[in-house]
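Peer 1: Here it is, the structure in full.
The values are calculated or read from the model by the stated rules, or taken from the named source; none is laboratory data. All values reported here derive from a predicted model rather than from experimental measurement. Glycine gets a Cβ as well: all are built from the backbone with ideal geometry, and neighbour counts include every protein chain shown. Quick note on the areas: whole protein, heavy atoms, side chains included, nothing else; ligands and nucleic acids left out. Shrake-Rupley method; radii C 1.70, N 1.55, O 1.52, S 1.80 Å.
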Amino acid sequence: MFTGIIETIGIVKSIEQDKSNIKFHIEAPFINELKIDQSIAHNGICLTVDGINENSYTITAIEETLLKTNLRNVKVGTYINLERSMLMNGRLDGHLVQGHVDQTAICTNIEDKNGSIIFTFEYDSTKGNVTIEKASICVNGVSLTVINSRNGAFSVAIIPYTLDNTNFKHLEKGMIVNLEFDVIGKYVARYLKQLIK
């Protein structure tokens, strides 16, 4: 489990094809604290550390992960939001995040509001996911609050601290992001859908 509070930003140093999988070698400030088998959220995707050297660690993304997330668009030099799994003896500063990406979205607008920046995203609403005004949403692993919720689209307001400490500062219109919808909302939506049947 994660919180959606980004710990640091990593950078992809190299990419290696391994049959239908892709191995990503990532440089990060906490490299000396990592162990094999640890779970780390990469742009909101929970992946396992399977190799460590002096300068980077390695994760492997299977074909399913590549098809359903923005990892398929990652290149050498890409900045990745990183969060190690949460400790159960501390405060939950964001919201409960599983690290399971539901779908991707496209950034359709970025608006500077002179103190915050509004990012707007559109996603395929036929997959059954919905947002709710003032509810939580995880975008590229970042716990955020939904504003301007509508069918297949929503916005979030980013404060300067979040902009400076996540890869939102590199986000441009047309880029693809990962979405994990609020886990409680997903269960409620599925339950209501079964009731209607």
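Peer 1: Looking only at the range 84-100, count every residue that is over 17 Å from Asp182 (Cβ atoms) and in contact (Cβ under 8 Å) with a residue 12 or more places away in the chain and tell me the total.
Peer 2: Total meeting the criteria: 2.
Peer 1: Is it true that some residue in the range 9-17 is outside any strand (DSSP E or B) and surrounded by 14 or more Cβ atoms within 10 Å (Cβ to Cβ)?
Peer 2: Taking every residue of the range 9-17 in turn, none turns out to be outside any strand (DSSP E or B) and surrounded by 14 or more Cβ atoms within 10 Å (Cβ to Cβ).
Peer 1: With the requirement that a residue be at pLDDT 95 or above, touching a strand residue (DSSP E or B) at 6+ places or on another chain (Cβ under 6 Å) and open to solvent by 40 Å² or more (accessible area, probe 1.4 Å), what does the range 164-197 give you?
Peer 2: His170, Lys173, Met175, Ile176
Peer 1: Turning to a different aspect of this structure: Of the residues Leu67, Leu96, only one is within 28 Å of Lys127 (Cα to Cα) and surrounded by 14 or more Cβ atoms within 10 Å (Cβ to Cβ); which?
Peer 2: Leu96
Peer 1: Sticking with this structure for a sec: Within the range 101-113, identify whether any single residue is modelled with pLDDT of 95 or more, surrounded by 13 or more Cβ atoms within 10 Å (Cβ to Cβ) and over 20 Å from Phe181 (Cβ atoms), and answer yes or no.
Peer 2: The answer is yes, given that some residue of the range 101-113 is modelled with pLDDT of 95 or more, surrounded by 13 or more Cβ atoms within 10 Å (Cβ to Cβ) and over 20 Å from Phe181 (Cβ atoms).
So that you can scan it fast, the table gives a plain yes or no per residue for (1) surrounded by 13 or more Cβ atoms within 10 Å (Cβ to Cβ); (2) touching a helix residue (DSSP H, G or I) at 6+ places or on another chain (Cβ under 9 Å):
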| site | (1), (2) |
| --- | --- |
| Asn53 | no, yes |
| Ser56 | yes, yes |
| Thr60 | yes, no |
| Glu63 | no, no |
| Asn73 | no, no |
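Peer 1: If you don't mind, another one. Within the set of pairs 6+ apart or on separate chains, which have a first residue in the range 13-28 that is on the phi < 0 side of the Ramachandran plot and touching a residue at least 60 places away in the same chain (Cβ under 8 Å), a second that is loosely packed, with under 14 Cβ neighbours inside 10 Å and among the basic types (Lys, Arg), and C-beta atoms under 8 Å apart?
Peer 2: Ile15/Lys75
Peer 1: Let me ask you something else. Return the residues of the range 114-148 that are over 16 Å from Lys173 (Cα atoms), open to solvent by less than 40 Å² (accessible area, probe 1.4 Å), out of contact with any helix residue (DSSP H, G or I) (no Cβ under 7 Å at 6 or more places or on another chain) and not in a strand (DSSP E or B); say none if nothing qualifies.
Peer 2: Scanning the range 114-148 gives Ser116, Asn129, Thr131, Gly141.
Peer 1: Ile106 - would you say it is within 30 Å of Glu27 (Cα to Cα) and assigned to a strand (DSSP E or B)?
Peer 2: When the stated conditions are applied, Ile106 passes them.
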